[in-house]
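Below is one structure, written out as structure tokens; comments come after it.
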Amino acid sequence: MKDIVDDVSYGCKRDPAARNALEFVLLYPGFHAVILHRIAHLLWIHNLLFIARVISFFSRFLTGCDIHPGAVIGKRFFIDHGMGVVIGETTYIGDDVTLYQGVTLGGTSTQKGKRHPTVGNGVVVGAGAIVLGPLNIGDGSRIGAGSVVIKDVNPHSTVVGIPGKVVRQRGVKVQKVLDHASLPDPLGRCHEIYEYKIEKLEKEIEMLKSLLVNNNVLHNEEIARSEESIHMKSRLPAEEHKSDSE
């Protein structure tokens, strides 16, 4: 019962839109999902597995949150907006954790045993984030909305992106480190240079062709003029000789 009271108190503290405890208890589906899970989990650990799954199924239908009754959830747990949250069977969640809508704490294996995340105390997981596999999210960490986390996160880290990368560690911005996907591509750069040079040479060749064509035209015109001049000169003596005869 004390856990439920703590959930109410923590939820009202985390959500400034909650005007009072009564409104929170009656009208917040995220809180309903947590309460029903706590009941289902109690039945689960007492080996009443089928009844636990029935309550879990009803909770999913009512709240839109799919929380396996085997998942272990600590004190003061809050699901904000409460739609589309998925929490797998072997998930462990510490105290003072907040999840937003659309969060998935899922597995990457079909094998039995630990296959879901372990979330430390004071963690906040943003809307639509996906955390996959038996990894650890350290205490006080923040997972950005829409991120996909597939490896361990150190305590007090801020993770964003796909795949998730640490951008802050204990409030200090982390320097970027080149990974394989961000390394310079020397071959690609060489191709760019070659393409530029080829394009430049093609333009120069076209210019030379144009000059040659123009020169040929001029040369042909000059030859034509020369031939015409020679022809005119060859006609002059014959005309002069004809004049003298007369």
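Values as computed for the structure displayed
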quantity: Residues 147, 226, 56, 9, sorted so that the one with the fewest Cβ neighbours within 10 Å comes first; calculated: 226, 9, 147, 56
quantity: Taking 77, 61 and counting other C-beta atoms within 10 Å, the order from fewest to most; calculated: 61, 77
quantity: Positive-end extreme of charge dipole, segment 2-173 - chosen from 145, 4, 54 (charges on Cβ); calculated: 145
quantity: Trypsin sites (Lys or Arg not before Pro) within segment 85-129: DSSP coil, no more than 10 neighbouring Cβ in 10 Å; calculated: 112
quantity: Sorted by Cβ neighbour density within 10 Å, fewest at the top, the residues 200, 165; calculated: 200, 165
quantity: Dipole magnitude of segment 6-66 about its Cα centre (Cβ charges: Lys, Arg +1; Asp, Glu -1), debye to nearest 20; calculated: 60
quantity: Extension gain, residue 150 back to residue 38 (0.36 nm per residue minus Cα-Cα distance, nm); calculated: 37.6 nm
quantity: Dipole in debye (nearest 20) - segment 2-173, about Cα centre, beta carbon charges: Lys, Arg +1; Asp, Glu -1; calculated: 420
quantity: Size of segment 2-173 as Cα extents on the principal axes (Å, biggest first); calculated: 44, 43, 24
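The numbers here are math on the coordinates, done by the rules we state, and not lab data. From a predicted model like this one, the values you see are computed outputs, not experimental measurements. Cβ atoms come from the backbone with ideal geometry, glycine included; neighbour counts cover every protein chain shown.
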